[in-house]
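Below: one structure, written as C-alpha coordinates.
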Amino acid sequence: MKKNLGKILIVVLPIIISAWLLFPTYRAYELGKIHDEYELKAKQAKSPEDSLAVMEEFETKYGEDFLKAKNSKLKLGLDLRGGMYVTLEIDVLKLIEESAMKESVDDVFTEAIEKTRTAIQNSDVDVVDEFKRNFDAVASSKKRILADYFMVSDNVKPDEMDKKIIEKLKFDENDAIDQAMQVIRQRIDKFGIAEPTIQKQGSRRIMLELPGVTNEAEMRQLLQTTARLE
(Lines give C-alpha, C1' and ligand atoms only; values in the text may rest on other atoms or scores of the structure.)
Protein backbone atom coordinates (compact mmCIF):
# COMPACT_ATOMS: atom_id res chain seq x y z
CA MET A 1 0.00 0.00 0.00
CA LYS A 2 2.81 2.39 0.94
CA LYS A 3 4.58 1.66 -2.35
CA ASN A 4 1.41 2.43 -4.30
CA LEU A 5 0.86 5.60 -2.28
CA GLY A 6 4.37 6.75 -3.16
CA LYS A 7 3.77 6.12 -6.85
CA ILE A 8 0.47 7.97 -6.71
CA LEU A 9 2.09 10.96 -5.01
CA ILE A 10 4.88 11.04 -7.63
CA VAL A 11 2.24 11.33 -10.34
CA VAL A 12 -0.36 13.47 -8.59
CA LEU A 13 1.86 16.05 -6.85
CA PRO A 14 3.46 17.38 -10.07
CA ILE A 15 0.01 17.69 -11.62
CA ILE A 16 -1.29 19.66 -8.62
CA ILE A 17 1.77 21.91 -8.57
CA SER A 18 1.56 22.50 -12.33
CA ALA A 19 -2.12 23.36 -12.09
CA TRP A 20 -1.38 25.77 -9.25
CA LEU A 21 1.37 27.48 -11.25
CA LEU A 22 -0.65 27.63 -14.45
CA PHE A 23 -3.90 28.89 -12.92
CA PRO A 24 -2.87 32.61 -12.95
CA THR A 25 -1.97 32.28 -16.64
CA TYR A 26 -5.31 30.64 -17.40
CA ARG A 27 -7.10 33.26 -15.31
CA ALA A 28 -5.28 36.10 -17.09
CA TYR A 29 -6.26 34.60 -20.45
CA GLU A 30 -9.93 34.31 -19.47
CA LEU A 31 -10.06 37.81 -18.00
CA GLY A 32 -8.25 39.11 -21.08
CA LYS A 33 -11.08 37.81 -23.24
CA ILE A 34 -13.61 39.51 -20.95
CA HIS A 35 -11.58 42.73 -21.16
CA ASP A 36 -11.67 42.55 -24.97
CA GLU A 37 -15.44 42.12 -24.87
CA TYR A 38 -15.81 45.19 -22.66
CA GLU A 39 -13.52 47.17 -24.97
CA LEU A 40 -15.71 46.22 -27.93
CA LYS A 41 -18.81 47.36 -26.03
CA ALA A 42 -17.06 50.61 -25.16
CA LYS A 43 -16.23 51.27 -28.82
CA GLN A 44 -19.84 50.62 -29.79
CA ALA A 45 -21.25 52.90 -27.07
CA LYS A 46 -23.32 55.87 -28.23
CA SER A 47 -21.38 58.49 -26.26
CA PRO A 48 -17.98 58.96 -24.54
CA GLU A 49 -19.78 58.88 -21.19
CA ASP A 50 -21.33 55.49 -21.98
CA SER A 51 -17.97 54.18 -23.19
CA LEU A 52 -16.29 55.29 -19.97
CA ALA A 53 -19.06 53.70 -17.92
CA VAL A 54 -18.50 50.37 -19.67
CA MET A 55 -14.77 50.33 -18.84
CA GLU A 56 -15.42 51.49 -15.29
CA GLU A 57 -17.77 48.53 -14.90
CA PHE A 58 -14.97 46.19 -15.97
CA GLU A 59 -12.55 47.83 -13.53
CA THR A 60 -15.05 47.48 -10.71
CA LYS A 61 -15.83 43.82 -11.41
CA TYR A 62 -12.51 42.47 -12.67
CA GLY A 63 -9.84 45.18 -12.52
CA GLU A 64 -7.94 44.08 -9.41
CA ASP A 65 -8.23 40.38 -10.24
CA PHE A 66 -7.06 41.02 -13.83
CA LEU A 67 -4.00 42.95 -12.67
CA LYS A 68 -3.01 40.26 -10.15
CA ALA A 69 -3.42 37.51 -12.76
CA LYS A 70 -1.30 39.40 -15.32
CA ASN A 71 1.48 39.97 -12.79
CA SER A 72 1.46 36.31 -11.70
CA LYS A 73 1.14 34.59 -15.08
CA LEU A 74 3.99 32.71 -16.70
CA LYS A 75 6.33 34.96 -18.66
CA LEU A 76 6.82 33.58 -22.16
CA GLY A 77 10.06 34.25 -24.00
CA LEU A 78 10.34 35.38 -27.61
CA ASP A 79 10.73 31.77 -28.78
CA LEU A 80 7.22 30.95 -27.48
CA ARG A 81 5.46 34.28 -27.70
CA GLY A 82 7.07 35.81 -30.80
CA GLY A 83 8.34 39.35 -31.11
CA MET A 84 11.52 41.27 -31.89
CA TYR A 85 15.08 41.07 -30.62
CA VAL A 86 16.91 44.37 -31.15
CA THR A 87 20.47 45.48 -30.44
CA LEU A 88 21.17 49.21 -30.46
CA GLU A 89 24.59 50.84 -30.31
CA ILE A 90 25.53 54.24 -28.88
CA ASP A 91 27.64 56.27 -31.31
CA VAL A 92 30.31 57.15 -28.73
CA LEU A 93 32.71 58.29 -31.44
CA LYS A 94 30.24 60.98 -32.49
CA LEU A 95 30.01 62.02 -28.84
CA ILE A 96 33.81 62.42 -28.72
CA GLU A 97 33.80 64.49 -31.91
CA GLU A 98 31.05 66.75 -30.57
CA SER A 99 32.95 67.22 -27.29
CA ALA A 100 36.07 68.56 -29.05
CA MET A 101 36.53 72.27 -29.70
CA LYS A 102 35.59 72.74 -33.35
CA GLU A 103 38.25 75.34 -34.04
CA SER A 104 40.97 72.96 -32.81
CA VAL A 105 40.09 69.94 -34.97
CA ASP A 106 42.91 69.17 -37.40
CA ASP A 107 44.44 66.27 -39.34
CA VAL A 108 45.88 64.72 -36.18
CA PHE A 109 42.51 64.60 -34.44
CA THR A 110 40.71 63.41 -37.58
CA GLU A 111 43.25 60.61 -38.15
CA ALA A 112 42.85 59.42 -34.55
CA ILE A 113 39.07 59.40 -35.00
CA GLU A 114 39.24 57.42 -38.25
CA LYS A 115 41.68 54.86 -36.81
CA THR A 116 39.33 54.42 -33.86
CA ARG A 117 36.34 54.03 -36.17
CA THR A 118 38.10 51.19 -37.98
CA ALA A 119 39.25 49.52 -34.76
CA ILE A 120 35.83 49.44 -33.08
CA GLN A 121 33.95 47.88 -36.00
CA ASN A 122 32.56 44.48 -34.98
CA SER A 123 34.26 44.89 -31.62
CA ASP A 124 33.10 45.64 -28.09
CA VAL A 125 36.22 47.53 -26.99
CA ASP A 126 35.66 50.71 -25.00
CA VAL A 127 35.58 53.54 -27.55
CA VAL A 128 37.13 56.16 -25.26
CA ASP A 129 40.06 53.89 -24.38
CA GLU A 130 40.58 53.01 -28.06
CA PHE A 131 40.46 56.67 -29.07
CA LYS A 132 43.09 57.53 -26.42
CA ARG A 133 45.36 54.76 -27.68
CA ASN A 134 45.05 55.87 -31.30
CA PHE A 135 45.41 59.54 -30.42
CA ASP A 136 48.64 58.89 -28.52
CA ALA A 137 50.01 56.90 -31.47
CA VAL A 138 49.19 59.68 -33.96
CA ALA A 139 49.87 62.76 -31.84
CA SER A 140 53.08 61.83 -30.05
CA SER A 141 55.34 62.74 -32.98
CA LYS A 142 53.35 65.95 -33.63
CA LYS A 143 53.74 67.21 -30.06
CA ARG A 144 49.97 67.35 -29.60
CA ILE A 145 48.02 66.56 -26.43
CA LEU A 146 44.33 66.04 -25.69
CA ALA A 147 44.13 69.45 -24.02
CA ASP A 148 44.73 70.99 -27.46
CA TYR A 149 41.29 69.67 -28.50
CA PHE A 150 39.18 69.48 -25.34
CA MET A 151 38.30 72.07 -22.72
CA VAL A 152 39.93 71.51 -19.35
CA SER A 153 39.79 73.52 -16.14
CA ASP A 154 42.59 76.00 -15.48
CA ASN A 155 43.02 74.45 -12.02
CA VAL A 156 44.15 71.11 -13.44
CA LYS A 157 47.88 70.43 -13.41
CA PRO A 158 49.48 69.90 -16.84
CA ASP A 159 50.42 66.27 -16.10
CA GLU A 160 46.80 65.47 -15.10
CA MET A 161 45.05 67.06 -18.08
CA ASP A 162 44.80 63.91 -20.20
CA LYS A 163 43.47 61.92 -17.24
CA LYS A 164 40.77 64.49 -16.49
CA ILE A 165 39.71 64.70 -20.14
CA ILE A 166 39.40 60.91 -20.43
CA GLU A 167 37.43 60.78 -17.17
CA LYS A 168 35.03 63.41 -18.56
CA LEU A 169 34.63 61.53 -21.86
CA LYS A 170 33.93 58.27 -20.00
CA PHE A 171 31.37 60.03 -17.81
CA ASP A 172 29.66 61.43 -20.91
CA GLU A 173 29.77 57.96 -22.52
CA ASN A 174 28.02 56.30 -19.57
CA ASP A 175 25.57 59.18 -19.23
CA ALA A 176 24.62 58.90 -22.93
CA ILE A 177 23.87 55.19 -22.49
CA ASP A 178 21.79 55.81 -19.35
CA GLN A 179 19.83 58.58 -21.06
CA ALA A 180 19.24 56.45 -24.15
CA MET A 181 17.93 53.57 -22.01
CA GLN A 182 15.59 55.94 -20.19
CA VAL A 183 14.25 57.42 -23.44
CA ILE A 184 13.80 53.94 -24.96
CA ARG A 185 11.93 52.70 -21.90
CA GLN A 186 9.60 55.73 -21.97
CA ARG A 187 8.85 55.28 -25.67
CA ILE A 188 8.26 51.55 -25.36
CA ASP A 189 5.93 52.11 -22.39
CA LYS A 190 3.92 54.62 -24.43
CA PHE A 191 3.83 52.13 -27.31
CA GLY A 192 2.08 49.67 -24.97
CA ILE A 193 4.55 46.77 -25.23
CA ALA A 194 4.03 44.32 -22.36
CA GLU A 195 7.00 42.92 -20.42
CA PRO A 196 9.89 44.29 -22.52
CA THR A 197 13.48 43.52 -21.57
CA ILE A 198 15.90 46.47 -21.78
CA GLN A 199 19.47 46.04 -20.61
CA LYS A 200 23.00 47.22 -21.30
CA GLN A 201 25.17 44.81 -23.26
CA GLY A 202 28.92 45.24 -23.30
CA SER A 203 30.42 48.72 -23.19
CA ARG A 204 28.10 50.63 -25.53
CA ARG A 205 25.18 48.47 -26.69
CA ILE A 206 21.59 48.16 -25.49
CA MET A 207 19.71 44.88 -25.93
CA LEU A 208 15.92 44.83 -26.25
CA GLU A 209 13.46 41.95 -26.24
CA LEU A 210 10.02 43.10 -27.38
CA PRO A 211 7.39 40.35 -27.02
CA GLY A 212 4.47 40.48 -29.42
CA VAL A 213 6.00 43.17 -31.67
CA THR A 214 5.85 42.36 -35.39
CA ASN A 215 5.93 45.76 -37.14
CA GLU A 216 9.67 46.12 -37.74
CA ALA A 217 9.47 49.39 -39.68
CA GLU A 218 7.39 51.12 -37.01
CA MET A 219 9.65 49.93 -34.19
CA ARG A 220 12.79 50.94 -36.11
CA GLN A 221 11.39 54.45 -36.55
CA LEU A 222 10.42 54.64 -32.89
CA LEU A 223 13.89 53.64 -31.66
CA GLN A 224 16.25 55.26 -34.16
CA THR A 225 14.95 58.77 -33.53
CA THR A 226 16.74 58.58 -30.18
CA ALA A 227 19.96 60.60 -30.33
CA ARG A 228 23.22 58.73 -31.06
CA LEU A 229 21.55 55.35 -31.53
CA GLU A 230 21.92 53.05 -34.49
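The values are calculated or read from the model by the stated rules, or taken from the named source; none is laboratory data. Computed from a predicted model, the values in this text were never measured in an experiment. Positions of Cβ are generated from backbone atoms using ideal geometry, with glycine treated the same way; all protein chains shown enter the neighbour counts. Side chains included, ligands, DNA and RNA excluded: accessible areas come from the protein's heavy atoms. Shrake-Rupley method; radii C 1.70, N 1.55, O 1.52, S 1.80 Å.
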Any trypsin sites (Lys or Arg not before Pro) in the range 84-174 that lie in a DSSP loop and have at most 16 other Cβ atoms within 10 Å would be LYS143
Nearest-0.05 FRET efficiency for GLU218 and THR87 at R0 = 22 Å, using Cβ-Cβ distance, is 0.80
For the table LYS142/LYS170; LYS41/LYS61; LYS43/LYS68; LYS143/LYS170; LYS163/LYS200; LYS102/LYS157, the rows whose alpha-carbon distance is greater than 22 Å are LYS142/LYS170; LYS43/LYS68; LYS143/LYS170; LYS163/LYS200; LYS102/LYS157
Taking a straight Cα-to-Cα line shorter than 18 Å from LYS168, and setting aside same-chain aspartates and glutamates fewer than 8 residues away, one finds ASP91, GLU97, GLU98, ASP126, ASP129, GLU130, ASP136, ASP148, ASP154, ASP159, GLU160, ASP178
Going residue by residue through the range 93-98, the Karplus relation 6.51 cos²θ - 1.76 cosθ + 1.60 with θ = phi - 60° gives ³J(HN,Hα) values, rounded to whole Hz and with x marking Gly or Pro, of 4, 5, 4, 5, 4, 5
Note to self: with every protein chain in place and a 1.4 Å probe, the range 89-171 gives an accessible area per residue in Å² of 60
A correct Karplus calculation of ³J(HN,Hα) over the range 115-124, with 6.51 cos²θ - 1.76 cosθ + 1.60, θ = phi - 60°, whole Hz and x for Gly and Pro, returns 5, 5, 4, 5, 5, 8, 4, 6, 9, 10
Carbon plus sulfur, as percent of the 1.4 Å-probe accessible area of the range 104-181, comes to 48
